[in-house]
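Take a look at the structure set out below.
The values are calculated or read from the model by the stated rules, or taken from the named source; none is laboratory data. Since the model is a prediction, treat every value here as computed from it, not as a measurement. Don't worry about glycine lacking a Cβ; one is built from the backbone with ideal geometry, like all the others, and counts go over all protein chains shown. Quick note on the areas: whole protein, heavy atoms, side chains included, nothing else; ligands and nucleic acids left out. Shrake-Rupley method; radii C 1.70, N 1.55, O 1.52, S 1.80 Å.
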Amino acid sequence: MSESPSDIDRIAPTRRPDERPVMYQRWRHLLFLHWSLPVDVVAPLLPKGLTLDTFEGRAWIGLVPFTMRGVRPRGLPAVGFLSDFHETNVRTYVHAGGKDPGVWFFSLEAANAIAVRLARAWFKLPYHYARMSLDLAPGGGSLAYRSERRWPPPAPASCAVRCTPRGPAAPSVPGSFQHFLVERYFLYSQAHGELFRGQVHHAPYQVREADVEGLEETLLAASGLPRPAAPPLALFSEGVDVDVFRLRRVAP
């Protein structure tokens with residue numbers, strides 16, 4: 001099922017919750033690749049309790065490689081290789097009963113086996129351990145992301161993408177298509193038949209357009225998603241500092 005109610009509140013999720021975070025992270029070098037798919041292709045892949053959040057009647061899937069820095073629980077310092085690693089996610093956009101618009105992750109790759117195990121246990125998210133790299137051209141030019149899934153299956157599942165950001169960076173305008181895609185502060189997960197919702201808070205992304213010069217990937221297919229032949233819409237952000245809040249069960 002899909003609907004995008006006109007009165008859905010997309011500003012309230014951007015406000016900081018009145019509670020203490022459980023974790024801190026810094027997200028850097030984010031490349032947002034998006035394709036449109038028919039609703040009836042994506043909707044059957046969602047768990048009960050979630051509805052596709054569409055824009056102009058179309059579902060959108062995202063492939064988002066980036067780098068995590070300074071990952072740490074509240075009260076503890078960041079620790080080297082445990083806190084800094086690359087990540088890539090495959091996602092779509094959902095809401096729960098016409099409110100709390102957020103992200104549903106089909107898969108998440110991370111280049112840190114310990115982080116993968118903790119995220120699967122604590123946040124009930126479908127993380128996979130992958131060998132990953134990010135090459136940055138001197139002087140802030142092109143970027144090249146690579147990821148090769150190791151475990152758990154399905155495998156093989158990989159991604160290699162090269163891009164060059166262009167133009168000035170600016171925050172997304174509320175109500176715009178760009179805001180719909182990138183400004184997402186709720187995430188959903190499922191375990192043992194129960195639905196959970198998490199929340200993050202950060203400053204608005206400063207977003208630029210990007211040119212994709214090369215893309216090879218099988219992550220979408222591993223999630224049961226066909227990749228359209230059309231090139232992706234590509235956006236880039238240097239990053240944000242993120243507060244992560246505790247996971248909560250979503251009432252049926």
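Here are a few things to note about the model shown:
- Conditions (1) more than 15 Å from GLY224 (Cα to Cα); (2) part of a strand (DSSP E or B): number failed by GLY62: (1)
- Contact annotation: no residue pair with Cβ atoms under 7 Å, 6 or more positions apart or on different chains, pairs a residue in the range 195-215 that is under 27 Å from LEU46 (Cβ atoms) with a partner that is among the polar types (S, T, N, Q) and surrounded by fewer than 15 Cβ atoms within 10 Å (Cβ to Cβ).
- Taken over the range 26-44, the residue count meeting the criterion of being part of a strand (DSSP E or B) and either closer than 19 Å to SER133 by Cα or open to solvent by 60 Å² or more (accessible area, probe 1.4 Å) (or both) is 8.
- Check on MET68, over 13 Å from the mean Cα position of the chain (by Cα) and among the hydrophobic types (A, V, I, L, M, F, W, C): no
- Answer residue from the range 221-234, given it is open to solvent by 20 Å² or more (accessible area, probe 1.4 Å) and touching a helix residue (DSSP H, G or I) at 6+ places or on another chain (Cβ under 9 Å) and is farthest from CYS163 (Cα to Cα) among those: GLY224
- The set of residues in the range 1-22 that are open to solvent by less than 50 Å² (accessible area, probe 1.4 Å), modelled with pLDDT of 95 or more, in contact with an Asp or Glu (Cβ under 8 Å, 6 or more places away or on another chain) and not hydroxyl-bearing (Ser, Thr, Tyr) comprises PRO13, PRO21.
- Members of the range 200-220 that are crowded, with 18+ Cβ neighbours inside 10 Å and either more than 21 Å from ARG28 (Cβ to Cβ) or of a type in the set (Gly, Ala, Ser) (or both): ALA210, LEU220
- Residue, surrounded by the most Cβ atoms within 10 Å (Cβ to Cβ), within the range 45-77, restricted to residues that are more than 20 Å from ALA221 (Cα to Cα) and of a type in the set (Val, Ile, Thr): VAL71
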